[in-house]
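Right, one structure below, let's go through it.
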Amino acid sequence: MKALAYEKAHALDAFAITLAEVAEPRLRDGDLLIEVRAIGINPGEAAIRQTRSAEPGGRVILGWEFAGVIAAAGPAATGFAVGDRVMGTGDFTRDGSWAERVAVDHRVVAKVPDRLAFADAASLPIGVLTAWESLFRDQDALLPGVGRVLVLGGAGGVGSMATQLLKATTPAFVISTASRPESRKWATAMGADLVVDHRGDLAGQLHTAGIDHVDLVFSTSGTSGHLKAIVEVLRPFGHLASIDLTGPFDPRAFTGKSLSLHSEMVFSKIVASGDVGSQGRILARAADDVVAGRLRPIVTTTLEGLTAESMKTAHALAESGRTIGKTVIQVTG
């Protein structure tokens with residue numbers, strides 16, 4: 001089969017992902033083999049391309065957000081049938097979905113209804129799971145005492161889904177950050193009750209709006225750079241949930257207010273043998289919510305074809321830091 005692959009980590013200006021002929025995926029007992037129809041693009045994948053090289057003689061196939069059709073199933077992959085339309089993620093320690101077919105654990109997959117286009121379905125899994133596990137963990141409710149939530153990076157894929165999930169499932173007052181007119185408009189469309197500029201004085205903007213503190217900050221980008229402002233706007237015994245704790249981070253700033261930190265990485269359950277099945281259930285619920293109109297897909301840019309050119313364009317958008325919503329590559333109809 002064909003897949004977009006590379007050998008050595010590289011920068012965007014030396015883009016080396018090419019369409020190559022690779023071996024068919026090997027199914028484990030609990031796997032589904034998916035014919036990939038659409039791919040969601042995430043900034044984390046661009047970051048991996050910059051830092052991860054293949055083993056000698058090997059190649060790297062990235063991509064862990066997809067929609068497609070089941071072509072085959074392992075003997076332990078229950079609840080699905082060949083021909084089902086599905087969406088899902090995968091396991092970043094295995095080959096990803098930038099390919100004609102991908103093998104994935106059935107527990108991180110959910111069926112999608114016929115009325116949900118593949119491109120729309122592919123825009124959901126990573127954002128939904130990352131936001132859900134950051135905000136709710138394994139519960140259907142926010143942490144106790146959380147009424148005001150500040151979403152840093154509200155126009156991105158994860159921030160967009162976080163705002164929607166909060167408004168669809170909780171009574172929380174949601175404050176989103178966005179700096180440009182178009183991103184502010186998008187954050188409002190996602191359901192934010194208030195939009196503030198993360199480049200300015202967050203505490204001052206909240207005070208002007210009559211808000212003296214928030215209960216939870218969900219930071220989707222720039223956590224280290226915004227740490228002082230985050231601590232300032234959080235109430236004592238408040239909470240920070242973050243998905244980008246990759247740079248220098250000094251938790252001593254938290255002790256004065258007894259703040260708690262909740263980190264999130266969407267692949268933790270499958271890598272660490274957690275409750276993997278919960279992810280499939282969350283995605284199934286999200287599919288139902290889209291059909292019912294409680295959530296909306298977040299595709300803003302659609303590229304065509306499993307080609308190096310479309311993938312390079314997608315990576316340029318991801319690395320720009322200015323993407324609104326989600327970029328999706330339509331592999332086939």
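The values are calculated or read from the model by the stated rules, or taken from the named source; none is laboratory data. This structure is a prediction, so every number in the text was calculated from the model and none was measured. Glycine gets a Cβ as well: all are built from the backbone with ideal geometry, and neighbour counts include every protein chain shown. Remember, those area values only see protein heavy atoms, side chains included, never the ligands or the DNA or RNA. Shrake-Rupley method; radii C 1.70, N 1.55, O 1.52, S 1.80 Å.
Restricting attention to the range 307-317, the residues that are open to solvent by 20 Å² or more (accessible area, probe 1.4 Å) and of a type outside the set (Lys, Arg) add up to 6. Modelled with pLDDT under 95 and at positive phi, is that true of Gly210? So Gly210 fails the test. The condition (being surrounded by fewer than 20 Cβ atoms within 10 Å (Cβ to Cβ), out of contact with any helix residue (DSSP H, G or I) (no Cβ under 9 Å at 6 or more places or on another chain), modelled with pLDDT of 95 or more and part of a loop (DSSP other than H, G, I, E, B)) is satisfied by just one residue among Ala81, Ala20: Ala81.
Exactly one residue among Ser221, Ser183 is in contact (Cβ under 8 Å) with a residue 60 or more places away in the chain, closer than 30 Å to Thr51 by Cβ and part of a helix (DSSP H, G or I), and that residue is Ser183. Selection of the range 210-229 for residues being under 14 Å from Ser258 (Cα atoms) and surrounded by 22 or more Cβ atoms within 10 Å (Cβ to Cβ) yields only Leu216. Within the range 270-298, the set of residues being part of a loop (DSSP other than H, G, I, E, B), open to solvent by 10 Å² or more (accessible area, probe 1.4 Å) and either at pLDDT below 95 or in contact with a Ser or Thr (Cβ under 6 Å, 6 or more places away or on another chain) (or both) comprises Ala272, Ser273, Gly274, Asp275, Pro297.
So is Thr163 under 18 Å from Asp120 (Cα atoms) and open to solvent by less than 60 Å² (accessible area, probe 1.4 Å) or not?
Yes; evaluated as a whole, the condition is true for this residue.
Say we look at the range 23-38 and pick out the residues that are in contact (Cβ under 8 Å) with a residue 24 or more places away in the chain, of a type in the set (A, V, I, L, M) and out of contact with any helix residue (DSSP H, G or I) (no Cβ under 6 Å at 6 or more places or on another chain); which of these is nearest to Thr301 (Cα to Cα)?
Restricting attention to the range 23-38, the residues satisfying the condition of being in contact (Cβ under 8 Å) with a residue 24 or more places away in the chain are 24-38.
Narrowing the set further to residues that are of a type in the set (A, V, I, L, M) leaves 27, 32-34, 36, 38.
The next check asks that each one be out of contact with any helix residue (DSSP H, G or I) (no Cβ under 6 Å at 6 or more places or on another chain); those that pass are 27, 33-34, 36.
Numbers: Leu27: 32, Leu33: 27, Ile34: 23, Val36: 18 Å.
That would be Val36.
Of everything listed in (1) at pLDDT 95 or above; (2) farther than 28 Å from Ala318 by Cβ; (3) not assigned by the TED database to the domain that holds Pro43, the single unmet condition for Phe218 is (2). Is there a residue in the range 256-272 that is farther than 30 Å from Ala9 by Cα and polar (S, T, N, Q)? The answer is yes, given that some residue of the range 256-272 is farther than 30 Å from Ala9 by Cα and polar (S, T, N, Q). Quickly run through the range 242-267 and pick out the residues that are in contact with a helix residue (DSSP H, G or I) (Cβ under 8 Å, 6 or more places away or on another chain) and among the acidic types (Asp, Glu). Listed by number, the residues that qualify are Asp250, Glu264.
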